[in-house]
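Engineer: Sharing a structure here in structure tokens format.
What follows draws every value from the coordinates through simple rules; no lab data is involved. Here the structure is a predicted model, which means the values were calculated and not measured. Using ideal geometry, Cβ is built from the backbone for each residue, glycine included, and neighbour counts are taken over all protein chains shown.
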Amino acid sequence: MTSGIVFDIKEFAVHDGPGIRTTVFLKGCPLACSWCHNPEGRSREPQLIQGQAGNRMAGKIYTPAELVGVLSKQVAILTANGGGITFSGGEPLQQARFVAEVAALLPGVHLLLDTSGYASSAAFQLVAARMNLVYFDLKLIDPEAHLRFTGVSNVQILRNLNLLTRLLIPFVIRVPLIPGVTDTDANLQAIALTAKGLPALQRVDLLPYNQAAGGKYETAGMQFNPDYNENQPVNINTTVFKRVGVEVRVV
């Protein structure tokens, strides 16, 4: 029987897609970005989180039917407010079969995949084909820089981006602006040129760096060791996107 492991379910989310949404955060991520905002999502194993409100375990096992039973309680209000369900992480494609089976049990609900794009093409297509919208994170175009700062190659990520355009599923490219890493003019221009003319692309979202990310590491028993200067002002360059006709917004 298929099962998945979820580390959080956020109800009434308003920043994870259109409308009011419920966001499911799935455990496990193959990337090792030092700026990760959800460090408790990296490991596939349950983790003890020590917070001011007490301790909790991040990581609960569900069957698809069990998770849908939880999500279905909010479906009516989500649908009435133009929202739906968002699958995030971690990297939800690490549990592609589970996500696909959950999606199949939610007919008529607006579904969104929030992904790094790092997965096999088969896993990517299995899940993306069941979505109404995809948020596709694009961090770095230069392959050496991508390997250095995320720990993985971006070859498969770019391959899945091309696959997404062929599927003609609406998508948004999201760029986390990390000071001195992803926010350089050269990288943003490379992303703009990559995005130019892509079928079904709705826009590019630039996500300014949030220094609050480091605070979550201690609660998860992890160390926050950024390999960049997080006090450096972030470069928010929208001009390179507008110049090539790509809609861009800062969120």
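Engineer: List the pair-distance distribution P(r) of the stretch 115-251, using every Cα-Cα distance, as the percent of pairs falling in each 10 Å bin from 0 up to the bin containing the longest distance, rounded to whole percents.
Structural biologist: Histogramming the stretch 115-251 at 10 Å steps yields 12, 40, 35, 13, 1 percent.
Engineer: Now a separate question. Neighbouring Cβ atoms within 10 Å as the yardstick, rank ARG130, ARG166 fewest first.
Structural biologist: ARG166, ARG130
Engineer: Also, quick follow-up: Could you pull out which residues in the stretch 111-141 have an amide N less than 17 Å from a spot 7 Å beyond the Cα of ALA80, following the Cα-Cβ vector?
Structural biologist: Taking a point 7 Å out along Cα→Cβ of ALA80, no residue of the stretch 111-141 has its backbone N under 17 Å.
Engineer: As a test, work out the antiparallel percent of DSSP beta bridges whose residues both lie in the stretch 4-250, rounded to the nearest 5.
Structural biologist: Around 30 percent of the beta bridges assigned by DSSP in the stretch 4-250 are antiparallel ones.
Engineer: For the chain, set up a GNM with springs between Cα atoms under 10 Å and report which of GLY215, GLY17, GLY84 has the largest fluctuation.
Structural biologist: Among GLY215, GLY17, GLY84, the largest GNM mean-square fluctuation belongs to GLY215.
Engineer: Roughly how big is the chain's charge dipole about its Cα centre, with Cβ charges of +1 (Lys, Arg) and -1 (Asp, Glu), in debye to the nearest 20?
Structural biologist: Here the size comes out at about 500 debye.
Engineer: Number of Lys pairs in the chain with C-alpha atoms less than 20 angstrom apart, excluding same-chain neighbours closer than eight positions?
Structural biologist: 11
Engineer: Give me the one-decimal nm value for the distance between modelled label points at LYS10 and ASN132, 7 Å along each residue's Cα-to-Cβ direction.
Structural biologist: 1.9
Engineer: Once you have a ≥ b ≥ c as the square roots of the Cα gyration tensor eigenvalues for the chain, tell me rounded if a/c is under 1.5, and otherwise prolate or oblate according to whether a/b is larger than b/c.
Structural biologist: In terms of gyration-tensor shape, oblate.
Engineer: Separate question: What distance in nm separates the two pseudo spin-label positions at ALA122 and LEU105, each 7 Å out from Cα along the beta-carbon direction?
Structural biologist: So the label points at ALA122 and LEU105 sit 2.4 nm apart.
Engineer: Can I ask one more? For n ≥ 4 DSSP H runs only, could you compute -39500 (n - 2.57) per run for the chain, divide by its residues and tell me the 222 nm figure to the nearest 500?
Structural biologist: Estimated from H runs of four or more residues: -8000 deg cm²/dmol.
Engineer: Another one. Mind putting a number on the dipole of the stretch 45-154 about its Cα centre? Charges go on the C-beta only, +1 for Lys and Arg and -1 for Asp and Glu, and I need it in Debye to the nearest 20.
Structural biologist: Values: 7 positive and 8 negative charges, 54 e Å.
Computed about the Cα centre, the dipole is about 260 debye.
Engineer: Pulled fully out, how much extra length does the chain show between MET1 and TYR228, if you take 0.36 nm times their separation in residues and subtract their Cα-Cα distance?
Structural biologist: Contour length minus the Cα-Cα distance gives 77.4 nm.
Engineer: Under a Cβ-Cβ cut-off of 14 Å, what is the net charge of the residues other than GLU45 that fall near it, where Lys and Arg count +1 and Asp and Glu count -1?
Structural biologist: +3
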